[in-house]
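Each reported figure results from applying straightforward, stated rules to the coordinates on display, with no laboratory input. In this text the structure is predicted, and so the values were computed from the model without any measurement. Virtual Cβ from ideal backbone geometry, glycine too; neighbours counted across all protein chains shown.
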Amino acid sequence: MASSVKEQKLLGDVKLTSPLYEYWISPQNDENEIKRLSKLNPDSPASGLFKSEPYKWENLYQSIVKEIIKGDHDSIKGLKVLLDMLNEKERLKTLDLFNEYKILNSDLLSKLREREISKAPTKKNWARFARILLAIFTNPYEIEVKRKKAHLYEQTGMGIYTLRKLLGNISKKN
């Protein structure tokens, strides 16, 4: 397999590792919401993001994992913060899925298994920041939010998702 083909497969498998994968393909009813919230680590200082903004959490998750796959190992710290928002069972399950899908190598997995998040500053990467911000507003991961869209980025993301689906259906008819 050529490197770019292998990388594309890895990038496609990232969504399958997400703790929210089943939530996004569900009806997102109250029962699904309770199941999603059961994955939360209430002791994480940043758990509010996972609790209140699952769309943003998912975009950050997929974007950061993809940055790591493409070689940006400075993004490990961001992924550790996201994984810290999960209870221990879900965090370990996600790490196991990275291994199962061969998304991250054993060295990176070892770093992620360490609970401590470095307080050392990381270098600023404005291009990465812009890519992630753009992803949050444009929904490249085709995340379908079926519950109330409370934030502008959820509304724009769903608008673009709906437009993509419509254009995809139109092109299939031609």
| field | Matching entry among 12, 48 (being without any contact (Cβ under 8 Å) to a residue 24 or more places away in the chain, assigned to a helix (DSSP H, G or I), among the small types (Gly, Ala, Ser) and surrounded by fewer than 11 Cβ atoms within 10 Å (Cβ to Cβ)) | value | 12
| message | Here is a check on your reading of the model: is residue 124 of a type in the set (D, E, K, R), over 18 Å from residue 52 (Cβ atoms) and not in a helix (DSSP H, G or I)? | response | yes
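For region 115-132, what are the residues that are surrounded by 11 or more Cβ atoms within 10 Å (Cβ to Cβ) and out of contact with any Ser or Thr (no Cβ under 9 Å at 6 or more places or on another chain)?
Residues satisfying the conditions are 117, 118.
From the list 41, 29, which residue is surrounded by 15 or more Cβ atoms within 10 Å (Cβ to Cβ) and either over 16 Å from the mean Cα position of the chain (by Cα) or of a type in the set (Ser, Thr, Tyr) (or both)? Even if it seems obvious, please write down each step before you answer.
Details: 29 fails: surrounded by 15 or more Cβ atoms within 10 Å (Cβ to Cβ).
After applying the criteria, what remains is 41.
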| said: Tell me the residue from 119, 77, 66 that is of a type outside the set (Phe, Trp, Tyr), without any contact (Cβ under 8 Å) to a residue 60 or more places away in the chain and under 21 Å from residue 24 (Cβ atoms), please. | reply: 66
| message | Residues to consider are 104, 60; find the one that is buried (at least 16 other Cβ atoms within 10 Å of the Cβ), in contact (Cβ under 8 Å) with a residue 24 or more places away in the chain and not in a helix (DSSP H, G or I). | response | 104
